[in-house]
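Comments concern the structure below.
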Amino acid sequence: MRALRRVRDFHWQGKDFGAWLVTIARNLVADHFKSGRYRLEICTAELTEPDRPQEGPERAVLDAMTNRTLLIAVRSLGSEQQECVVLRFLHGLSVAETALIMGKKSGAIKALQYRAVRSLARMLPADLQG
């Protein structure tokens with residue numbers, strides 16, 4: 001919708017029209033994550049493993065504590081690492097899709113993801129690693 005509203009403002013500068021659209025999409029995603037940086041919300045139903053049998057209220061409390069700890073750790077990452085983790089693991093995007101949104105090459109996304117996961121592993125208690 002933003003592109004349609006601003007199509008009159010598009011001035012060809014030797015770049016592909018698609019690049020203009022990707023820039024708009026990337027900016028929208030960046031704006032979304034910047035506005036939600038301090039209130040990163042995830043539906044806990046998406047985080048449960050469907051094949052695991054429910055073990056009662058104890059399991060629900062432990063899962064909630066685990067999810068809370070993980071989200072606190074994700075929030076403490078740098079903005080690029082946080083965006084990469086959210087796009088890759090919470091939204092389930094591929095490396096290529098994440099690279100397109102973040103305006104980086106696939107190799108850079110793989111390295112960024114690796115560093116983010118390593119940082120998370122250092123931040124999490126030993127009983128949550130594994």
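A short reminder: the numbers here are calculations on the coordinates, not readings from a lab. Fair warning: this is a prediction, and the values are worked out from it, not measured in the lab. Cβ sites come from the backbone with ideal geometry, for glycine too, and all protein chains shown count toward neighbours.
Here are the numbers for this structure:
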| read-out | value |
| --- | --- |
| Inter-label distance, nm, simple model (7 Å from Cα along the C-beta direction), Thr69/His91 | 2.8 nm |
| Gain upon complete extension [Ala60, Phe33; 0.36 nm per residue less C-alpha separation] | 7.0 nm |
| Volume of the Cα convex hull of region 56-102, divided per residue and given in Å³ | 61 Å³ |
| ³J(HN,Hα), Karplus 6.51/-1.76/1.60, whole Hz, each residue of region 57-68, x for Gly, Pro | x, 4, 5, 5, 5, 4, 4, 4, 5, 5, 4, 4 |
| For region 116-121, Karplus couplings with θ = phi - 60° (6.51, -1.76, 1.60), whole Hz, Gly/Pro x | 5, 5, 5, 5, 4, 4 |
| Estimated distance in nm for a label pair at Leu4 and Thr23, the labels positioned 7 Å out from Cα along Cα-to-Cβ | 2.2 nm |
